[in-house]
Amino acid sequence: MKQIEIKRPSLLVNAFSNYAALGVNIIIGLLLTPFIIKHLGKTGYGIWTLILSFVGYYGLLSFGVNSAITRYIARYAGQSDKEALNKTASTAMAMFCFTGVIVTVLSFLIAEPITTFFKVSQEHYNDFRFMILVMGFATGISFPGEVFGALLTAHEKYVPTNIVKITQTMIRAGLIVCLLLLGAGLVGVAFAVLGTQLFGLAGNYLIYKRFTPHIQLSLAYVQWSFLRKLLAFGGITTVITIADHVRLNMDSIVIGKWVGMAEVGVYGIAALIIRYMLSLIISGMSVLTPRFASLHGSNDLESIKSLFITSLRISGFLAFGFCMGVIIFGGHFIMLWVGKDFAESIPILWILSIPFAFALSQNPGIGLMYALKKHYLYAIFTIIEAIANLVLSILLVSEYGIVGVALGTAIPMMIVKLFIQPIYVSKIIDITVLDYVKCITPSIIVSSILILLAYSISIITYDRITIPYLIFTGIITFLIYMIVSFLLMNKNDKKLLLNRIFKTHSTVSE
């Protein structure tokens, strides 16, 4: 059989392609959100946010298999095991097609009860119920596309995948604008999502055929033993995913049930900015997981450790840099972006940004746990965090409203990220906790000092704030943060930061 050479692309190229796709998504999202609010109103936007939060839980029906696909495909590629590649991919596709059908049928069964549960007003009752149906179908057809996406991610084909994502984002924005201008309302927004999901499925299939032709999808390759392996790995991932959904998605459901739809929209603005913050870090760091898995497949443990330490420094720098920007400029940005009606979003944004900064600074550790199949214990304390989050949010919402819900999210997350994850990840990568903490401490110190300076010298005041001034001061502040952080590094760290993580590794024969 002819040998196929698979070259691993530069992590820098992959990361920048992720950031390009994310940048387009954020820019369009920032421009589109005020337009949607204008046409749907505060309550309508709250309903849309709630629908997205609820439908997001359909993703749990994948049972974490998409992460298992990435891990095992990357590992089998590192081992040059073509038969295992075909069996893994085909088994996953069969499962996800079945899951897509289940999701679609489930949406038809629960649309009416869910609408009744949230006590949706008569004005929006039919739209809410119909949106559950449309978004359920859109989610159902997205499942097969996730398999193609996972296969491409495992082979580090981020650039073509991100080209499809960028195109998909632009098409969705265009459809939403056109349909809202035509008066289609909430239902029009849902149909725009459905149309772009169809495009994404077709696009991912085409690039799968182009860039991974050595993987064959066939019912003949479907095997129960491979499904068990995927579910065993993915089951733990599902537990972690549940906790991730609870952190933001469950907040909207709690608010929708015990406060009101308009407040869901207010909370949703802060949550959207936090999601952008999450995406900015995860998009750059997600390229590490298949590389960790591939290096583990070839038993290159020293390279894994070196790559992890370097990536931890970088993620800490990015996470606390963005957190600094959110705390200094986030409130002013909200006032300029969506107006004074959403001023209550500002304290929510501040409360959420700090624990998420600590979580995101340690994101490479999560990718490492997945790659080394060491995420079992992480799943246990993450689900404990999720339960504590939900219980605290419900207890605090009646007294403190949406601020209480934000505190219910923040408190358990800080405990886990400060006292549990550093110890566990340090153990599996075989470094001391002190060495682990030293990777992110400089970023915490520098960002904290700059926040105190910004407020003490009042670099921003409400009477003179404009978008250009906000952008200018933001760039200057981040440049100062970047320069000071870089100067505090030792010579070896500077070299690692500039060279090591972005070094292209050797090719793998298959």
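The values are calculated or read from the model by the stated rules, or taken from the named source; none is laboratory data. As the structure is a prediction and not an experimental result, all values here were calculated from the model. Cβ placement follows ideal geometry from the backbone for every residue including glycine, while neighbour counts extend to all protein chains displayed. These accessible areas exclude ligands, DNA and RNA; they are computed on the full protein's heavy atoms, side chains included. Shrake-Rupley method; radii C 1.70, N 1.55, O 1.52, S 1.80 Å.
Test of understanding: among A89, A111, which residue is part of a helix (DSSP H, G or I), over 21 Å from the mean Cα position of the chain (by Cα) and either free of Cβ contacts under 8 Å to residues at least 24 places away in the same chain or buried (at least 21 other Cβ atoms within 10 Å of the Cβ) (or both)?
Numbers: A111 fails: either free of Cβ contacts under 8 Å to residues at least 24 places away in the same chain or buried (at least 21 other Cβ atoms within 10 Å of the Cβ) (or both).
Answer to the selection: A89.
Checked against the criterion of being closer than 18 Å to A15 by Cβ and part of a loop (DSSP other than H, G, I, E, B), the stretch 304-325 contains not a single residue that satisfies it.
Is it the case that T289 is farther than 30 Å from I444 by Cβ, at pLDDT below 85, among the polar types (S, T, N, Q) and within 16 Å of the chain's Cα centre (by Cα)? Break it down stepwise before answering.
On the way: farther than 30 Å from I444 by Cβ: no; at pLDDT below 85: yes; among the polar types (S, T, N, Q): yes; within 16 Å of the chain's Cα centre (by Cα): yes.
The answer is no for T289.
State yes or no: is Y370 within 17 Å of the chain's Cα centre (by Cα) and open to solvent by 10 Å² or more (accessible area, probe 1.4 Å)? Spelling it out, Y370 is indeed within 17 Å of the chain's Cα centre (by Cα) and open to solvent by 10 Å² or more (accessible area, probe 1.4 Å).
For the stretch 438-458, the set of residues classified as open to solvent by less than 80 Å² (accessible area, probe 1.4 Å), within 26 Å of the chain's Cα centre (by Cα) and more than 15 Å from I480 (Cβ to Cβ) consists of C439, I440, T441, I444, listed by residue number.
Of all the residues in the stretch 436-461, those that are touching a helix residue (DSSP H, G or I) at 6+ places or on another chain (Cβ under 8 Å), modelled with pLDDT of 90 or more and over 15 Å from G321 (Cβ atoms) number 2. Scanning the stretch 160-184 for residues that are open to solvent by less than 20 Å² (accessible area, probe 1.4 Å) and small (G, A, S) yields a single hit, A173.
Considered as a group, the residues in the stretch 329-348 that are over 17 Å from I274 (Cβ atoms) and outside any loop (DSSP other than H, G, I, E, B) include one that is most open to solvent (accessible area, probe 1.4 Å), and that residue is K340.
For the stretch 247-269, does any single residue satisfy the condition of being of a type outside the set (F, W, Y), within 19 Å of I366 (Cα to Cα) and at pLDDT below 75? The answer is yes; a qualifying residue exists. Exactly one residue among K427, K417 is within 30 Å of I304 (Cβ to Cβ), open to solvent by 10 Å² or more (accessible area, probe 1.4 Å) and in a helix (DSSP H, G or I), and that residue is K427.
Going through K209, K229, K157 one at a time, which residue ends up being more than 30 Å from G44 (Cα to Cα), open to solvent by 30 Å² or more (accessible area, probe 1.4 Å), of a type in the set (K, R) and without any contact (Cβ under 8 Å) to a residue 40 or more places away in the chain?
Details: K229 fails: without any contact (Cβ under 8 Å) to a residue 40 or more places away in the chain; K157 fails: without any contact (Cβ under 8 Å) to a residue 40 or more places away in the chain.
Going through K209, K229, K157 in turn, the sole match is K209.
Being open to solvent by less than 10 Å² (accessible area, probe 1.4 Å) and among the hydrophobic types (A, V, I, L, M, F, W, C) is the filter here, so list the residues in the stretch 136-149 that pass it. Across the stretch 136-149, the qualifying residues are A138, F143, V147. Which ones in the stretch 376-414 are open to solvent by 10 Å² or more (accessible area, probe 1.4 Å), aromatic (F, W, Y) and either at pLDDT below 90 or not in a helix (DSSP H, G or I) (or both)? Hits for the stretch 376-414 are Y376, F381. Within the stretch 27-43, residues that are under 17 Å from E263 (Cβ atoms) and among the basic types (K, R) sit with their Cβ atoms under 6 Å from residues that are at pLDDT below 90 and buried (at least 16 other Cβ atoms within 10 Å of the Cβ), at 6+ positions apart or across chains, in these pairs: K42/A262; K42/G265.
For L32, the criteria (1) under 21 Å from the mean Cα position of the chain (by Cα); (2) at pLDDT below 80 hold in every case but one, which is (2).
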